[in-house]
Amino acid sequence: MEIILTDELRSKLIAMAQEARLKAYAPYSNYQVGAALVTPSGKFFTGCNVENAAYPTGLCAERVAIFKAVSEGERKFAALAVVTSNGGTPCGACRQVMAEFGLEMVVLIADGEGRLHQETSVAELLPGAFGPGDLGK
Ligand code: THU
């Protein structure tokens with residue numbers, strides 16, 4: 001089954017990302033982020049940002065969601081929603097990790113109220129991405 005990104009699925013992903021955001025551990029930045037992704041076969045994974053007193057060791061919500069999915073055997077992703085207070089966009093490191101698993105993934109960028117700010121793709125977020133192909137993979 002190849003999942004179709006309907007408005008219902010968009011809303012579900014954003015709602016799941018909003019819920020995941022409530023679990024964010026962000027005592028240093030106070031900027032809570034939630035993410036939710038769906039595989040082509042319809043499996044869902046969520047993530048939140050997890051900060052650390054040693055600042056650089058924290059991890060973004062998008063990468064938590066992707067790494068959770070990869071650690072469960074998934075490598076293809078149809079769409080990912082990210083929710084922040086103000087509809088902030090994914091950081092460069094998250095864009096690079098997204099690109100590893102395909103440039104076609106749809107990225108939904110929404111705010112804390114669930115309003116969609118932007119619907120884009122990894123290809124648009126990271127033009128000219130360095131990827132597996134550059135290493136002959
Ligand atoms: N953050 C994310 O979780 N995703 C992004 O794409 C941007 C930034 C987190 C990292 C840090 O915990 C906080 O937001 C402030 O940068």
Relative packing of peptides 7-13, 67-73, 101-107 - highest average C-beta neighbours within 10 Å first
101-107, 7-13, 67-73
At 10 °C in a medium of viscosity 1.306 mPa s, region 59-137 has a Stokes-Einstein diffusion coefficient, with Rh taken as the Kirkwood radius over alpha carbon pairs, in µm² per second, of 123
Dipole in debye (nearest 20) - region 67-137, about Cα centre, beta carbon charges: Lys, Arg +1; Asp, Glu -1:
160
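Mind ranking 118-131, 33-46 by how tightly packed they are, going by the mean number of other C-beta atoms within 10 angstrom, highest first?
33-46, 118-131
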Using Cα springs under 10 Å in a Gaussian network model of the chain, which residue among ALA79, ALA65, ALA93 shows the largest mean-square fluctuation?
ALA93
Excluding residues on the same chain fewer than 8 positions from LYS43, give the aspartates and glutamates whose Cα lies under 18 Å from its Cα.
GLU2, ASP7, GLU8, GLU19, GLU62, GLU72, GLU74, GLU104
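If neighbour count is taken as other Cβ atoms inside 10 Å, put ARG21, ARG75 in order from fewest to most.
Arranged by neighbour count, lowest to highest, ARG21, ARG75 become ARG75, ARG21.
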Rounded to the nearest 500, what is the chain's calculated 222 nm mean residue ellipticity when only DSSP H runs of at least 4 contribute -39500 (n - 2.57) each, over all residues?
-8500 deg cm²/dmol
Choose one of PRO40, ASN30, ILE14: the residue whose Cα lies farthest towards the positive end of the charge dipole of region 1-43 (beta-carbon charges +1 Lys, Arg; -1 Asp, Glu; about the Cα centre).
ASN30
If I take the Cα coordinates of the chain and project them onto the principal axes, what are the three extents in Å, biggest first?
40, 35, 28
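Where a number appears in this text, it was derived from the coordinates with a stated rule and is not lab data. All values reported here derive from a predicted model rather than from experimental measurement. Here the Cβ is made from the backbone with ideal geometry for all residues, glycine too, and neighbour counts use every protein chain on show.
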